[in-house]
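Here's the structure we're looking at; comments come further down.
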Amino acid sequence: MEYELENSIIDKMQPEFPEAAFTIKKARRVEVKMSSDKLYNFAVRMQKKWNFLHLSAISCVDWLQDNEFELIYHFWNYDEKVLVMAKIRIPREEESHFETISNLWQPAKFFERDIHEMFGVYFDGSEDMERFILTEWHGPPPMRKDFITREYALNFFHYREYDPEWLKDMTAAGEANE
Amino acid sequence: MNTVLWIIFLPIIIFIIGVFMLGYSRKFIARIERRYGPPVQQVFYDIFKLMNKKTNISHGWMHDISILMLLGGTLLTLYFVPVPGFHFFAQYGDVLVIMYVLLVPALGMALGVGETANPNGSIGISRALMMLAGYDIPFFLTFIGMAMLNNTTSMYDLINIQQAGGFLGWGLLTNPLLGVAALIALQGMLGEKPFEVMVAPHEIATGPMTEMGGKYLGIMMIQHAIAVVVELTIYINLFLGGALNWFEYIIKLFVLFTVLLSVNAVFGRFRTDDAVRFMWRIPLPMAVIGVLFIIF
Amino acid sequence: MSKIDEVRDYELFIGPNHPGIEGNFSLKLKLLGDKIVGAKTDAGYLHRGFEKLMEERLFIQNIAIVCRICVPDPDPNENNYSRAIEEIAGIEVPERAKWIRTLVLELSRLASHLFAIGGHAATTGLYAFPNWTIADRDRILELFEELTGGRVYHIYQLPGGVRRDFPDGFEGRVLDVMDYIESRLQDYDDLAINNALFIKRATGIGVLTKEQAVSWGVTGPNLRACGVAADVRKDDPYEIYEKLEFDIPTMTDGDAYARMIVRRKEIEQSISIVRQIIDKIPSGLVWNKIPNPLKWNVAAGDAYVRTESSKGEYAYYMVSDGGRKPYRVHVRGASTTHAVHVLENLLVGTRIEDASQVMFSLDGCPPAVDR
Amino acid sequence: MEEKLTQRSVWEKISNKLSKRSLWMLHYCTGCGAIELPPTMTARFDMERFGISPMVTPRQADILLITGYLSVKTLKRVVLTYEQMQAPKYVVGFGSCTINGGMYWNSYSTMKCLDQYLPVETYIAGCMPRPEAIIASFNDLIAKIDRGEANSWKDYYKNYDFYKANQDRTFEGPIETYNDIKADAAMFNIK
């Protein structure tokens, strides 16, 4: 049977989280969508029960039109060699809040701190939510979709004038393509 | 009159030799690293460039004085060490005097670097003083051993005694334990790897030199060039039979330096405590046993 | 803390301008005498906002900037990025292109490991060793230059394959370079790896236990030096790694020296992989044509792709909303764990002499942390 | 140009001739171009042949090589570093990103024109320049020093207000540097 391993993983997890939607994306990739309040429980089970010892990453996506942030937790199991992506959505606010899983996985500290800086999602309960990369930054969280880096850069920085004749046609062609 | 000329020109001659020896060392190490290396006179350019800097940041009068103390201490040592054709001061002072004047530059550096208030500098100085405790004791023991063996504390007499014995009369051959112990201590005294902890660029960003720039660093480099020759000369005079003419002297300098450099090029550096432990575990017992042999 | 300890207690900044720091990075150390009692990393000096820039550029344009994310080992980035697009858009890659990609990835790993072991030895003052390894690494860069046109950044792996096929006689030259590097390994052992002083400096420094390593999220050679035989190439195979024979070298000590040995052994493995590829590579196309990249709307979807880079697990999470530009690309730099909090934890308790050795032995990559 | 040449005294000519043979470069990897420096320094290209060697602290260095883009965070450290260096000092901008932003032209985090913040002596174009390009540009710098034209460091003392204003604008607030540039200029008689 195709996706035997992946199906066995889902069979294991589905009974405990009946309302979560599991899908198999491809070999070794299982996706699960759930409501945000279930995530912490899910993470605890993942680590303690199902032996997903490696938190590969936490990604954040800004869905501006839905006014939501999507958080994606990528868990990897060293023994069964499967990656489970847990996707949740949280409301998009000036300073969104969500609970931390850094007490379970050390690496989560870095990813949560990074998401806080780049998207402005505060993770409650984390030891350290200080700025890390953008310590000298004064603007809004830069990875939000409503922050346009091109506008900011053109206004903020000084550029050297460079407008030779031979480049004009190419620039015009590029702008028409935009 | 002759003596006065020597006093004036000796530091200059020794400085020139030192500059070329340091240039030679850079070239030699570059070749082991499979590089072409800088020209031999590179150190001269470096020193000239540093002395010619337009701004020289000072960290207070203590900083200025200590740099002069550093250079002065080294020059003082130079006058007490006999070189071919000049041993005017050497007949007044002897091995014991050299033992004490050798410490002056290190102390001068400690004072000046303390004034710059750079933590890397103070760590470097504490390391340098710790290393001093490591290499000085075995080195001084070998001094004493040689003095007792030959019944004289004058370095000039030591040279004559060794030269009288011909090649086999050299200290290194008559008393190999002391000779080898002093050689290891000399490696530490010159700050060559593996005893390079006080400079250690990857750890404390050149330690004492961190805040030195322009003329200050230039003077430190001049001092280093002279100190290398002086320290090698002490070893040559004690264990390699000294030298009667400048030709022999320079040959011996370069041969001895090459031996030390070959070790320098293929080793990393000890940790501070390991370095001191090494000094006390290997050269020190060797020196003690060597001295005991002489006594009994 | 006693009175005397209060006097000896001070803060030392290592970096960003310091030779003992890897890249543009900074460490704030709290010292008690010579001993480090607290460490804090400070990154962000290399932040360029790649993830933001990628959202403003076409899919194809981003190939040119993704390789800048990890400077010493750029190819896993291109590979990840291209594979993510291929997965979302459902593009097939010709067989030969997969072999060539694997070759490029392994050559890049070789180059990066040569750099890393040289840098590690240099922190103990053994400057002859980096001079040798970095000069030997240049031969691999020359191969890259011949194949891709770039020494450091290759911009070679596109969605659908690779940019161009081998030049004439390239296979022979690859084998020559492999022979050369293999012949140099004995010299490396004599100079550094079996050097008594280096062993003395490196053993027992920055010890990671197996449990710590797993729970702190360490990946790559650093994890394997603790005795965990985990490697994305074996566990989550990509390209053609399933068809190749290679071992995963492991050590159990978990200290700086074990990490050095693991890298040294991986160099041998990479040489063997490269030889297998040259031996077995099939002929055929190297690039399946993709739609006009200027007007190419990649289907909506997302993908999480992982690569084993020389520093550890590299992963890209890409989201496309069906437009001409990626909606979001999240880069999981290989060094996000071991260059930040693992380093902070390991530094506590070591001496200041070994701070930069711990850092270089972990082989973190600051640009991958900062992005 | 001609005027400058005649103004140099004989001593200055000699000192330029000798100083050009010894250039110490600050060992500071500011950007990704730093990856091409180890090959330049080590056995393959060996720039110590020309008397150029890496130095670890700003006090000792003559050249500040800006290896690529500077994020605003790095720029602050670079300005502090530059002010600690002792004149004559030369800034070399390395890579396209120091000239006009390069491929990071629309990045919110990197500065685009290095010469707005520090007086630049030479630029090396390319992304990334090869070791040969680094050596070639250093040779240009050496020739420039020989001719006595490498005086851009004086600009920083003369036009300090301009540079300072640009720096403050980018850092969004005045930064505290530990050197009083104008007092230094008066003390060392730099005109």
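The values are calculated or read from the model by the stated rules, or taken from the named source; none is laboratory data. The structure presented is a predicted model; accordingly, all values stated were derived computationally and were not measured. Reconstructed Cβ throughout: ideal geometry from the backbone, glycine too, with neighbour counts over all protein chains shown. To get the accessible areas, we keep the full protein, side chains included, count just its heavy atoms, and leave off ligands, DNA and RNA. Shrake-Rupley method; radii C 1.70, N 1.55, O 1.52, S 1.80 Å.
With respect to the stated conditions, D:Thr98 fails to be away from chain B (no Cβ under 14 Å) and part of a loop (DSSP other than H, G, I, E, B).
Every condition in (1) without any contact (Cβ under 8 Å) to a residue 12 or more places away in the chain; (2) under 24 Å from C:Ser108 (Cβ atoms); (3) not β-branched (Val, Ile, Thr) holds for C:Pro291 except the one numbered (2). Among the conditions (1) buried (at least 24 other Cβ atoms within 10 Å of the Cβ); (2) among the β-branched types (Val, Ile, Thr); (3) outside any helix (DSSP H, G or I), the only one that C:Thr133 does not satisfy is (3). Of the residues screened, D:Lys76 is one that is buried (at least 16 other Cβ atoms within 10 Å of the Cβ), out of contact with any Lys or Arg (no Cβ under 9 Å at 6 or more places or on another chain), within 14 Å of chain A (Cβ to nearest Cβ) and not acidic (Asp, Glu).
Residue count for the range C:299-310, restricted to those that are open to solvent by 10 Å² or more (accessible area, probe 1.4 Å) and in contact with an Asp or Glu (Cβ under 9 Å, 6 or more places away or on another chain): 3.
C:Met318 meets each of the listed conditions (1) open to solvent by less than 40 Å² (accessible area, probe 1.4 Å); (2) modelled with pLDDT of 85 or more; (3) more than 23 Å from A:Phe69 (Cβ to Cβ) apart from (3). Do we find that C:Arg224 is touching a residue at least 40 places away in the same chain (Cβ under 8 Å), of a type in the set (Lys, Arg) and either farther than 30 Å from A:Arg29 by Cα or within 14 Å of chain A (Cβ to nearest Cβ) (or both) in this structure? No; evaluated as a whole, the condition is false for this residue. Within the range A:44-65, the set of residues being of a type in the set (A, V, I, L, M) and either surrounded by fewer than 21 Cβ atoms within 10 Å (Cβ to Cβ) or more than 16 Å from the chain's Cα centre (by Cα) (or both) comprises A:Val44, A:Met46, A:Leu53, A:Leu64. Of the residues making up the range C:76-113, those that are open to solvent by 10 Å² or more (accessible area, probe 1.4 Å) and of a type in the set (Asp, Glu) number 4. Does the range C:158-180 contain at least one residue that is open to solvent by less than 10 Å² (accessible area, probe 1.4 Å), under 22 Å from the mean Cα position of the chain (by Cα), of a type in the set (A, V, I, L, M) and at pLDDT 90 or above? Yes, because at least one residue in the range C:158-180 is open to solvent by less than 10 Å² (accessible area, probe 1.4 Å), under 22 Å from the mean Cα position of the chain (by Cα), of a type in the set (A, V, I, L, M) and at pLDDT 90 or above.
Please work out which residue is farthest from B:Arg127 (Cα to Cα), limiting yourself to the range C:347-371 and to residues that are touching a helix residue (DSSP H, G or I) at 6+ places or on another chain (Cβ under 7 Å) and among the β-branched types (Val, Ile, Thr). Restricting to residues being touching a helix residue (DSSP H, G or I) at 6+ places or on another chain (Cβ under 7 Å) and among the β-branched types (Val, Ile, Thr), the top hit is C:Val358. Only one entry in B:Val288, B:Val259, B:Val263, B:Val199 is open to solvent by 30 Å² or more (accessible area, probe 1.4 Å) and assigned to a loop (DSSP other than H, G, I, E, B), namely B:Val199. Of the residues making up the range D:100-133, just one is of a type in the set (S, T, N, Q) and out of contact with any Ser or Thr (no Cβ under 9 Å at 6 or more places or on another chain), namely D:Asn100. Every listed requirement among (1) in contact (Cβ under 8 Å) with a residue 24 or more places away in the chain; (2) open to solvent by less than 40 Å² (accessible area, probe 1.4 Å) is met by B:Leu149 save one, (2). Please go through the range A:103-116 and give me each residue that is more than 9 Å from chain C (Cβ to nearest Cβ) and either open to solvent by less than 20 Å² (accessible area, probe 1.4 Å) or among the aliphatic types (A, V, I, L, M) (or both), ordered by number. Answer for the range A:103-116, where residues must be more than 9 Å from chain C (Cβ to nearest Cβ) and either open to solvent by less than 20 Å² (accessible area, probe 1.4 Å) or among the aliphatic types (A, V, I, L, M) (or both): A:Leu104, A:Glu112, A:Ile115.
Conditions (1) of a type in the set (Ser, Thr, Tyr); (2) away from chain C (no Cβ under 11 Å); (3) in a loop (DSSP other than H, G, I, E, B); (4) open to solvent by less than 70 Å² (accessible area, probe 1.4 Å), marked per residue:
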{"position": "A:Met118", "(1), (2), (3), (4)": "no, no, no, yes"}
{"position": "A:Arg131", "(1), (2), (3), (4)": "no, no, yes, no"}
{"position": "A:Leu134", "(1), (2), (3), (4)": "no, no, yes, yes"}
{"position": "A:Pro142", "(1), (2), (3), (4)": "no, no, yes, yes"}
{"position": "A:Tyr152", "(1), (2), (3), (4)": "yes, no, no, yes"}
{"position": "A:Lys168", "(1), (2), (3), (4)": "no, yes, no, no"}
{"position": "A:Thr171", "(1), (2), (3), (4)": "yes, yes, no, yes"}
{"position": "A:Gly174", "(1), (2), (3), (4)": "no, no, no, yes"}
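Could you figure out which of (1) touching a helix residue (DSSP H, G or I) at 6+ places or on another chain (Cβ under 9 Å); (2) without any contact (Cβ under 8 Å) to a residue 40 or more places away in the chain; (3) farther than 22 Å from D:Ser19 by Cβ isn't true of D:Thr110? With (1) touching a helix residue (DSSP H, G or I) at 6+ places or on another chain (Cβ under 9 Å); (2) without any contact (Cβ under 8 Å) to a residue 40 or more places away in the chain; (3) farther than 22 Å from D:Ser19 by Cβ applied to D:Thr110, the lone miss is (2). Being buried (at least 20 other Cβ atoms within 10 Å of the Cβ) and charged (D, E, K, R): is that true of B:Arg269 here? The answer is yes for B:Arg269.
Condition check: of a type in the set (Val, Ile, Thr) and part of a loop (DSSP other than H, G, I, E, B). Does C:Val207 satisfy that? Answer is yes for this residue. A search for C-beta distances below 7 Å between a residue of the range C:66-94 that is away from chain D (no Cβ under 14 Å) and any residue that is surrounded by fewer than 24 Cβ atoms within 10 Å (Cβ to Cβ) and in a helix (DSSP H, G or I), counting only pairs 6+ apart in sequence or on different chains, returns C:Glu78/C:Ile63; C:Tyr81/C:Ile63; C:Val93/C:Glu86. Taking the range D:11-57 as the range and being without any contact (Cβ under 8 Å) to a residue 40 or more places away in the chain and assigned to a helix (DSSP H, G or I) as the test, the residues that pass are D:Trp11, D:Ile14, D:Ser15, D:Leu18, D:Ala34, D:Pro38, D:Met41, D:Glu48, D:Arg49. For C:Ile60, indicate whether it is within 14 Å of chain A (Cβ to nearest Cβ) and either open to solvent by 10 Å² or more (accessible area, probe 1.4 Å) or within 18 Å of the chain's Cα centre (by Cα) (or both). Judged against the criteria, C:Ile60 is a match. Out of curiosity, is D:Thr170 in contact (Cβ under 8 Å) with a residue 12 or more places away in the chain, within 14 Å of chain A (Cβ to nearest Cβ) and more than 17 Å from D:Thr30 (Cα to Cα)? Against the criterion (in contact (Cβ under 8 Å) with a residue 12 or more places away in the chain, within 14 Å of chain A (Cβ to nearest Cβ) and more than 17 Å from D:Thr30 (Cα to Cα)), D:Thr170 qualifies. Annotation note: of B:Ile29, B:Ile17, B:Ile7, the sole residue that is open to solvent by 10 Å² or more (accessible area, probe 1.4 Å), over 17 Å from the mean Cα position of the chain (by Cα), of a type in the set (A, V, I, L, M) and closer than 23 Å to B:Gly108 by Cβ is B:Ile7. Given the condition farther than 27 Å from B:Glu248 by Cβ, modelled with pLDDT of 80 or more and buried (at least 22 other Cβ atoms within 10 Å of the Cβ), answer yes or no: does some residue in the range B:76-86 qualify? Looking through the range B:76-86, none of the residues is farther than 27 Å from B:Glu248 by Cβ, modelled with pLDDT of 80 or more and buried (at least 22 other Cβ atoms within 10 Å of the Cβ).
Give the range B:164-173 a look and list any residue that's touching a Phe, Trp or Tyr at 6+ places or on another chain (Cβ under 9 Å), of a type outside the set (A, V, I, L, M) and open to solvent by 20 Å² or more (accessible area, probe 1.4 Å), or say none. Residue satisfying the conditions is B:Trp170 alone.
Checked against (1) out of contact with any strand residue (DSSP E or B) (no Cβ under 6 Å at 6 or more places or on another chain); (2) within 10 Å of another protein chain (Cβ to nearest Cβ), C:Arg328 passes all but condition (1).
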